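Here the structure is laid out as C-alpha cells; the discussion comes afterwards.
The values are calculated or read from the model by the stated rules, or taken from the named source; none is laboratory data. Because the structure is predicted, anything quoted here is derived from the model rather than measured. Here Cβ is always computed from backbone atoms with ideal geometry, including for glycine, and neighbour counts include all displayed protein chains.
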Amino acid sequence: MARKIAPDLLGRGNRMNKRKSYGFTLIELMVAVAIIGLLLAIVMPNYMESVRRSHRGDGMDALTAAAAKMDVAKGRLGGYPDTLAEANIADESVEGYYGNLTIAPATADCPIASCYILQIDGQNGQENSNVTAYRLYSTGRKEQLRGGVWEDGWD
C-alpha cells in the first residue's frame, strides 16, 4: 500500500504559502524613514540659507529706494534730511525682512547737509542669515555686515 505524504510537506496545503502579503514590513518602513531623515538633514540647511539669501534683496531694495528718496528730499530741502520722516522713508523694508532703517549721525567727514549713510538691519529670520545688515553711502559705496565684520559690496 502506498503511503500518503501530508499535503503541507509538499507545500500544497500550507496556508502560509497561500497568504498574500500586502503593505510593508516594519524594517522597510524604518529604512525609508531613515533615508528621508538623512536627506532632510542634508538639504534643509542649504534650503533655509537660500531662502534667506533671496530675502536679502528686500533689504537692498529698501536701501536703494531710501537713497532715491534722500536725493529727492535734498533737491526739495537744499540738503539731505536729518530724519527718515522728512524724506518720507519707511523704517522697514516692503516685505518686512529688514527693519530699523537709520540715517547715521553726521560726522566731520560726512556732514548731513552734503552726505549720508543709510543702514538697515535684518529681522524676521534675516538676523540669523550670514549677512545681517546693509549700509549704503551717498557716494554709492555699499557694505554688508557678515559675521560681525563690515565688508565692501553686497552679495
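Some points to look at:
- In the range 18-64, the qualifying residues are those that are more than 30 Å from residue 152 (Cβ to Cβ) and charged (D, E, K, R), and the one that is modelled with the highest pLDDT is 28.
- Residue match in the range 125-148 (condition: under 17 Å from residue 102 (Cα atoms), surrounded by fewer than 17 Cβ atoms within 10 Å (Cβ to Cβ) and within 15 Å of the chain's Cα centre (by Cα)): yes
- Selected residue (criterion: surrounded by the most Cβ atoms within 10 Å (Cβ to Cβ)) from residues of the range 18-67 that are within 17 Å of the chain's Cα centre (by Cα), under 23 Å from residue 141 (Cα atoms) and of a type in the set (A, V, I, L, M): 62
- Any hit, the range 65-85, residues being closer than 30 Å to residue 46 by Cα and of a type outside the set (S, T, N, Q): yes
- Breaking point among (1) in contact (Cβ under 8 Å) with a residue 24 or more places away in the chain; (2) part of a loop (DSSP other than H, G, I, E, B); (3) out of contact with any Asp or Glu (no Cβ under 9 Å at 6 or more places or on another chain), for residue 118: (2)
- Selection from the range 80-105 of residues that are without any contact (Cβ under 8 Å) to a residue 12 or more places away in the chain and loosely packed, with under 13 Cβ neighbours inside 10 Å: 85, 105
- Every condition in (1) surrounded by 13 or more Cβ atoms within 10 Å (Cβ to Cβ); (2) at pLDDT below 85; (3) hydrophobic (A, V, I, L, M, F, W, C) holds for residue 77 except the one numbered (2).
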